[in-house]
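The values are calculated or read from the model by the stated rules, or taken from the named source; none is laboratory data. It should be emphasised that the depicted structure is a prediction, and the values quoted were computed from it without experimental measurement. Methodologically, a virtual Cβ is constructed for each residue, glycine included, from the backbone with ideal geometry; neighbour enumeration extends over all protein chains shown.
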Amino acid sequence: MSASEQAADGHSLSQELQQVVAGLNGQDTTLGALVDAIGDRGFGLLLMILALPAALPLPAPGYATPFGILMIGLSWQLLRGRDQPWFPERTRASKVSFKLLDFSVRNGRLPLRAVELLVRPRLSRLAGSKTFLAAVALVIMVMAAFMSLPIPLTNTAPSFVIFVLAAGILEEDGLLLVGGLILAPVAAAIAALALYTAATLGPEAVEETVKPMVKGWLGLG
């Protein structure tokens, strides 16, 4: 279902995510049940749900690594041309916290609304190209690999890029996908700098030197 079909149904992207969470009735769920609840929204919506917790300005701790690993698997499937996500039964039985999903959707309203304002079906031929989607999948794989590292600054920027690319896949927005690909080298550079600093000077040096530097570059310091 594309953005135009969403509008016809009267459901925005944030409303869709809220409906997925509301359908859990306050209970923890499993990855398999979450995939089933998403249905034909497939890779795009699932990648958005998995990327959102780490893409927030105040990310939910402890989930970047397992969700990053899951997204490496999803990007591999997308690269191979699968139409729907698939997980083995053992992985499908993995628990997903209701509190995490609820926290992410409630605190992710700003980035969700921003994406909703930007996203629409554009460059649909590009968005539907298997070759182009394979390139997108490869970038998602690299971003997810960075995201899975338990090192400061390797999570937020790469997961935000995945979030943007997932929205582009979901809404068949080729222009947004191009924008996400342009953002990817910036996120990779930030994550690579953090990784290099952690390897040479220790993880605490990332917090003390690299994080303030990146905030200054972004005008957040």
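Take Leu170 and decide whether it is in a helix (DSSP H, G or I), in contact with a Phe, Trp or Tyr (Cβ under 9 Å, 6 or more places away or on another chain) and closer than 21 Å to Arg41 by Cα.
yes
Which of the residues spanning region 138-163 are at pLDDT 90 or above and surrounded by fewer than 24 Cβ atoms within 10 Å (Cβ to Cβ)?
Of everything in region 138-163, those that are at pLDDT 90 or above and surrounded by fewer than 24 Cβ atoms within 10 Å (Cβ to Cβ) turn out to be Leu138, Val139, Met141, Val142, Ala145.
Any residue in region 140-160 that is out of contact with any Asp or Glu (no Cβ under 8 Å at 6 or more places or on another chain), among the small types (Gly, Ala, Ser) and not in a helix (DSSP H, G or I)?
Within region 140-160 (the criterion being out of contact with any Asp or Glu (no Cβ under 8 Å at 6 or more places or on another chain), among the small types (Gly, Ala, Ser) and not in a helix (DSSP H, G or I)), the answer is yes, since at least one residue qualifies.
Let's see how each residue does on (1) modelled with pLDDT of 90 or more; (2) assigned to a helix (DSSP H, G or I); (3) in contact with a helix residue (DSSP H, G or I) (Cβ under 8 Å, 6 or more places away or on another chain); (4) surrounded by fewer than 16 Cβ atoms within 10 Å (Cβ to Cβ):
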{"position": "Gly180", "(1), (2), (3), (4)": "yes, yes, yes, no"}
{"position": "Val186", "(1), (2), (3), (4)": "yes, yes, yes, yes"}
{"position": "Ala199", "(1), (2), (3), (4)": "no, yes, no, yes"}
{"position": "Glu204", "(1), (2), (3), (4)": "no, yes, no, yes"}
{"position": "Glu207", "(1), (2), (3), (4)": "no, yes, no, yes"}
{"position": "Pro212", "(1), (2), (3), (4)": "no, yes, no, yes"}
{"position": "Lys215", "(1), (2), (3), (4)": "no, yes, no, yes"}
{"position": "Gly221", "(1), (2), (3), (4)": "no, no, yes, yes"}
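Look through Ser97, Ser148, Ser124 and report the one residue that is under 15 Å from the mean Cα position of the chain (by Cα) and among the polar types (S, T, N, Q).
Ser148
How many residues are in contact with a Phe, Trp or Tyr (Cβ under 9 Å, 6 or more places away or on another chain), at pLDDT 85 or above and crowded, with 23+ Cβ neighbours inside 10 Å when one looks only at region 51-70?
Number of matching residues: 2.
Of the numbered conditions (1) out of contact with any strand residue (DSSP E or B) (no Cβ under 6 Å at 6 or more places or on another chain); (2) crowded, with 18+ Cβ neighbours inside 10 Å; (3) more than 26 Å from Pro152 (Cα to Cα); (4) among the aliphatic types (A, V, I, L, M), Ala37 fails exactly one; give the number of that condition.
(2)
Give the number of residues within region 86-127 that are part of a helix (DSSP H, G or I), closer than 22 Å to Thr30 by Cβ and not hydroxyl-bearing (Ser, Thr, Tyr).
11
So in region 71-100, with the set limited to residues that are in contact with a Ser or Thr (Cβ under 8 Å, 6 or more places away or on another chain) and either modelled with pLDDT under 90 or over 25 Å from Glu172 (Cα atoms) (or both), which one is surrounded by the fewest Cβ atoms within 10 Å (Cβ to Cβ)?
The residue in question is Lys95.
Scan Leu126, Leu117, Leu183, Leu149 and give me the residue that is in contact with a Leu (Cβ under 7 Å, 6 or more places away or on another chain) and at negative phi.
After applying the criteria, what remains is Leu149.
List every residue pair whose Cβ atoms sit under 7 Å apart, with the two residues 6 or more apart in sequence or on different chains, where the first one lies in region 154-175 and is within 19 Å of Thr65 (Cβ to Cβ) and free of Cβ contacts under 8 Å to residues at least 40 places away in the same chain and the second, anywhere, is part of a helix (DSSP H, G or I) and β-branched (Val, Ile, Thr).
Ala157/Ile190
Six or more apart or on different chains, Cβ atoms under 7 Å: show the pairs whose first residue is in region 111-127 and within 14 Å of Met48 (Cβ to Cβ) and whose second is charged (D, E, K, R) and in a helix (DSSP H, G or I).
Short answer, once both residue conditions are applied: Val119/Glu171.
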